[in-house]
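This report refers to the structure that appears directly beneath it.
The values are calculated or read from the model by the stated rules, or taken from the named source; none is laboratory data. Every value quoted in this text rests on a predicted model; they were computed, and no experiment measured them. We place every Cβ from the backbone using ideal geometry, glycine too, and count neighbours over all the protein chains shown.
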Amino acid sequence: MNNIPKTINDKRSLKLHNNEQHPVCQLKHKIQSYFHDFTTFDNLSEVVSTKGNFDELLLPEDHPARSASDTYYLDSDQVLRTQTSAHQNELLKQGHKQFIVTGDVYRKDTIDRTHYPVFHQMEVVKILPKGTDALADLKETLSGLITYLYPGKTYRFLDDYFPFTDPSIQIEVYQDQEWMEVLGAGVVHPTILKNCSIDATGWAFGLGLDRLVLSYCDIPDIRYLWTTDERFINQFKEGLVPFREYSKYPPVYKDISFWVNNYRDNREGGWSMYNDFCEIIREEGTDLIEAVALQDRYEKGGRTSLSYRIAYRSAERTLSNEEINRIQQKIRDVLSQRFDVELR
Ligand code: PHE
């Protein structure tokens, strides 16, 4: 049942959000000081029950987020939290009325410059007296927060859907010529309030710290957040300042092509096993993997041919062709052992 690979397990002790020099931790403090009268929880375990992460948040039984190809399970009842919302119910039951949970969260995911299977969220929850317009209070709070984080920038509210809030909204900020999703939010679902014996109303929102740090400090690749190279962390001694890339070594591209039998086009990567495929690539290539992108796809004789381009790049050194060929061969071996595919 346990589907947590080594590279993910190795990340569990790092807790970037509690490493005072790290920009993720610095942004946490900046947001916590905006909500200075909220109780903060920075050390809740990343291992949570499926009850807290899914059931108590009213996630349907058949929701894809529950599947082992989206979520890391320790056993059938425990997961690495996929969202800090996993702590909402326990803390509300303990009687907390306004609190912030910061923590590392885990999701199997695609590979590119802004996605990493471990990232950091802040969950902010506030209970308000019965009869209060919780949505209006939420929007006012969020407008204040965005103005504080992004003075002078344009932002907008959009409708969204989360099973544990109703209504649900999100905020996007206009940044570098595009809209960037900053947080998901909503009015706490009445069923959750009832389950926690709370006769009042309230709101909650969840914000991803990593992508905000990238945009805040102009960091071009999320893997920098995990580097042990001192040239990264030393740049943030003075605060959340713009990052200067210390070097840019060339990428190495390798293609991998194969036939699959039961292709279903229900994933971002164009294939139902895409997340598991990305995980194999990450396990073998570790943080040398910069991106995996679908290059080509066609059908023939009831089968589907898929071709992906893997970009390898290190921030620390030039990669040798031999080294990358070895990794690429390992990926091919593991792929053909574990998946129902025919390599080409
Ligand atoms: N947990 C949600 C997510 O990870 C964000 C969220 C938190 C939405 C609280 C609503 C309320 O996307």
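Scan region 273-291 and tell me whether some residue there is farther than 15 Å from Y224 by Cβ, over 22 Å from the mean Cα position of the chain (by Cα) and either part of a strand (DSSP E or B) or modelled with pLDDT under 95 (or both). Let's see the steps before the verdict.
To start, the set of residues in region 273-291 that are farther than 15 Å from Y224 by Cβ comprises 273-285.
Subset that is over 22 Å from the mean Cα position of the chain (by Cα): none.
Scanning region 273-291 turns up no residue that is farther than 15 Å from Y224 by Cβ, over 22 Å from the mean Cα position of the chain (by Cα) and either part of a strand (DSSP E or B) or modelled with pLDDT under 95 (or both).
Specify the residue that is farthest from D159 (Cα to Cα); the eligible residues are those in region 190-208 that are aliphatic (A, V, I, L, M) and away from the ligand (no atom under 12 Å from the Cβ).
Start the filter on region 190-208 by keeping residues that are aliphatic (A, V, I, L, M), which leaves 192-193, 198, 200, 204, 207.
From the residues that got through so far, the ones that are away from the ligand (no atom under 12 Å from the Cβ) too are 193, 198, 200.
Working: L193: 22, I198: 26, A200: 23 Å.
Here the answer is I198.
Answer yes or no as to whether D112 is surrounded by fewer than 17 Cβ atoms within 10 Å (Cβ to Cβ), within 16 Å of the ligand (Cβ to nearest atom) and of a type outside the set (S, T, N, Q). First the steps, then the outcome.
Values: surrounded by fewer than 17 Cβ atoms within 10 Å (Cβ to Cβ): yes; within 16 Å of the ligand (Cβ to nearest atom): no; of a type outside the set (S, T, N, Q): yes.
Spelling it out, it is not the case that D112 is surrounded by fewer than 17 Cβ atoms within 10 Å (Cβ to Cβ), within 16 Å of the ligand (Cβ to nearest atom) and of a type outside the set (S, T, N, Q).
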Q) What number goes with the only condition from (1) within 16 Å of the ligand (Cβ to nearest atom); (2) modelled with pLDDT of 95 or more that A65 does not pass? A) (2)
Q: Could you tell me which residue of region 31-41 is nearest to the chain's Cα centre (by Cα), considering only residues that are part of a helix (DSSP H, G or I) and surrounded by 16 or more Cβ atoms within 10 Å (Cβ to Cβ)?
A: I31
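Could you go through region 17-25 and let me know if any residue there is more than 30 Å from E230 (Cα to Cα), within 16 Å of the ligand (Cβ to nearest atom) and in contact with a helix residue (DSSP H, G or I) (Cβ under 9 Å, 6 or more places away or on another chain).
Narrowing region 17-25 to residues more than 30 Å from E230 (Cα to Cα): none.
No, there is no match, as no residue in region 17-25 is more than 30 Å from E230 (Cα to Cα), within 16 Å of the ligand (Cβ to nearest atom) and in contact with a helix residue (DSSP H, G or I) (Cβ under 9 Å, 6 or more places away or on another chain).
Matching residues to (1) of a type in the set (F, W, Y); (2) modelled with pLDDT of 95 or more; (3) surrounded by fewer than 20 Cβ atoms within 10 Å (Cβ to Cβ):
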site: E123; (1), (2), (3): no, yes, no
site: P151; (1), (2), (3): no, no, yes
site: D160; (1), (2), (3): no, yes, yes
site: P163; (1), (2), (3): no, yes, yes
Q: Give the number of residues within region 194-253 that are of a type in the set (G, A, S), modelled with pLDDT of 95 or more and part of a loop (DSSP other than H, G, I, E, B).
A: 3
